[in-house]
1. Given the conditions (1) assigned to a helix (DSSP H, G or I); (2) under 20 Å from P368 (Cβ atoms), which single one is not true for Q52?
2. Take region 73-97 and flag every residue that is touching a Phe, Trp or Tyr at 6+ places or on another chain (Cβ under 8 Å) and among the polar types (S, T, N, Q).
3. Counting only residues that are under 16 Å from L9 (Cβ atoms) and either assigned by TED's automatic domain parsing to the domain that holds C216 or within 25 Å of the chain's Cα centre (by Cα) (or both), how many does region 51-79 have?
4. Looking at region 25-79, which of the residues that are touching an Asp or Glu at 6+ places or on another chain (Cβ under 6 Å) and within 22 Å of A7 (Cβ to Cβ) is surrounded by the fewest Cβ atoms within 10 Å (Cβ to Cβ)?
5. Restricting attention to region 264-299, and to residues there that are hydroxyl-bearing (S, T, Y) and out of contact with any Ser or Thr (no Cβ under 9 Å at 6 or more places or on another chain), which single residue is nearest to M108 (Cα to Cα)?
6. Condition first: buried (at least 22 other Cβ atoms within 10 Å of the Cβ), assigned to a helix (DSSP H, G or I) and of a type in the set (A, V, I, L, M, F, W, C). Now tell me which residues in region 80-110 satisfy that.
7. Any idea which of K360, K302 is basic (K, R), more than 30 Å from Q137 (Cα to Cα), in contact (Cβ under 8 Å) with a residue 12 or more places away in the chain and touching a helix residue (DSSP H, G or I) at 6+ places or on another chain (Cβ under 7 Å)?
8. Check off (1) under 27 Å from E326 (Cβ atoms); (2) in contact with a Gly (Cβ under 7 Å, 6 or more places away or on another chain); (3) at pLDDT below 85 for A305 and give me the number that stays unchecked.
Amino acid sequence: MSALVDADLLQDIKKFGKVDVSACFSCGNCTAVCPLSNNDGTFPRRMIRYAQVGMKDTLLSSKELWTCYHCGMCSDSCPTQADPGGFMAAARRYAIASYDHTRLAWLMYTQPVFASILAIVLAAFFAVFMYTSHGPQSQTSMNLFGFIPEPLIHYTGLAVMVLAFIFGVAGIVTMVQKLSHQEMKLRGKSKVSGLKALWSSIGVESIGQKRYREDCATAELEVPWYRRRWLIHSLTMWGFLGLLVATVADYGLSLIGVKMPGTWVPIWYPTRLLGTLAGLAMIYGVTMFFVDRFTKANQSAKNSAPADWMLLVLLWIVGFSGFLIEISLYLSNPPAWGYWVFLFHVSVAMELILLAPFMKFAHAIYRPVALYYLSRAGGEASED
């Protein structure tokens with residue numbers, strides 16, 4: 001079957017990462033060392049070949065693009081230093097931008113100055129918007145939602161989540177259309193049930209990170225367990241989800257009159273304890289990501305896109321400011337800075353949610369979808 005060729009594809013992908021695979025001559029060395037490559041003998045070099053010959057649609061509809069965890073073994077062993085792992089990371093950023101019809105993800109990844117200005121403007125907008133309705137700062141007890149009304153935060157957050165959901169779903173629909181079209185060409189291959197594929201993609205891979213922990217662990221045999229990428233990734237992911245659950249649960253308790261959000265409770269109170277542990281996990285994970293990138297500890301940390309840095313910065317700010325708020329609640333005299341940190345925390349959290357579909361956070365959406373389709377195809381990597 002004929003395919004449209006995009007002569008600018010490789011140059012476009014280079015905008016999403018400092019990689020150059022033009023030197024790749026398909027020797028197969030990356031395939032030989034890749035712990036995720038199966039017996040078809042074409043992954044990941046087939047992805048590189050798609051880019052070299054301009055097969056844009058085929059690349060964007062490749063499920064295997066999202067299976068790579070960038071362990072770096074392929075790049076370490078490449079005889080031409082073509083950096084296959086870096087290419088796969090750049091291609092995933094390119095895919096995120098291509099699935100996004102607003103073009104905002106494209107600008108976020110390729111225009112770092114624009115992305116930085118946008119981040120500052122969005123945070124300032126949310127802060128000013130909420131501050132215009134501010135109340136008094138209590139001098140007797142910390143009352144955060146007396147300072148910024150709880151309904152205002154609730155409905156603003158709800159609107160932000162709806163927008164993020166719409167943008168995320170639009171990207172998923174585009175991705176699914178491409179994957180479904182490709183799957184139709186594979187209808188002769190063995191399939192597994194939808195429920196089994198769902199469990200494999202969500203439970204085993206996305207949540208349990210089985211292949212990340214086991215197959216890709218060979219690249220980190222000399223790395224201490226507390227510095228391994230799968231653990232850092234898991235703590236960051238589960239930390240963020242834990243904070244989200246704690247926030248939602250806290251609000252739910254307020255609806256039934258059990259507890260008002262932003263007020264003092266013992267540290268062992270369920271939602272407070274969950275938020276504290278989740279915050280610690282996320283801050284540790286994000287901090288280790290920073291350390292790895294600053295020290296270039298592994299292949300995946302050598303070339304990071306500015307938008308990926310922005311995600312880490314926003315996550316760290318949300319986590320650290322959350323702990324400052326918690327500290328202010330436990331001080332005997334309510335500090336004035338606690339109210340301003342709260343306003344800053346909420347503004348950045350709103351911004352993080354709104355921009356999530358346009359940054360690396362989108363991996364949390366696209367990877368499970370791709371893994372689902374891969375499982376449906378029997379887990380085979382070949383699409384030819």
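The values are calculated or read from the model by the stated rules, or taken from the named source; none is laboratory data. Because the structure is a prediction, the values reported are computed rather than measured. FYI the Cβ positions are ideal-geometry reconstructions off the backbone, even for glycines, and counts take in every protein chain you see.
1. Q52 satisfies every listed condition except (2).
2. Listed by number, the list holds a single entry, T80.
3. 9
4. Selected residue: G54.
5. That would be T287.
6. Those that are buried (at least 22 other Cβ atoms within 10 Å of the Cβ), assigned to a helix (DSSP H, G or I) and of a type in the set (A, V, I, L, M, F, W, C): F87, M88, A89, A90, A91, A95, I96, A97, A105, M108.
7. Only one candidate passes the filter, namely K360.
8. (1)
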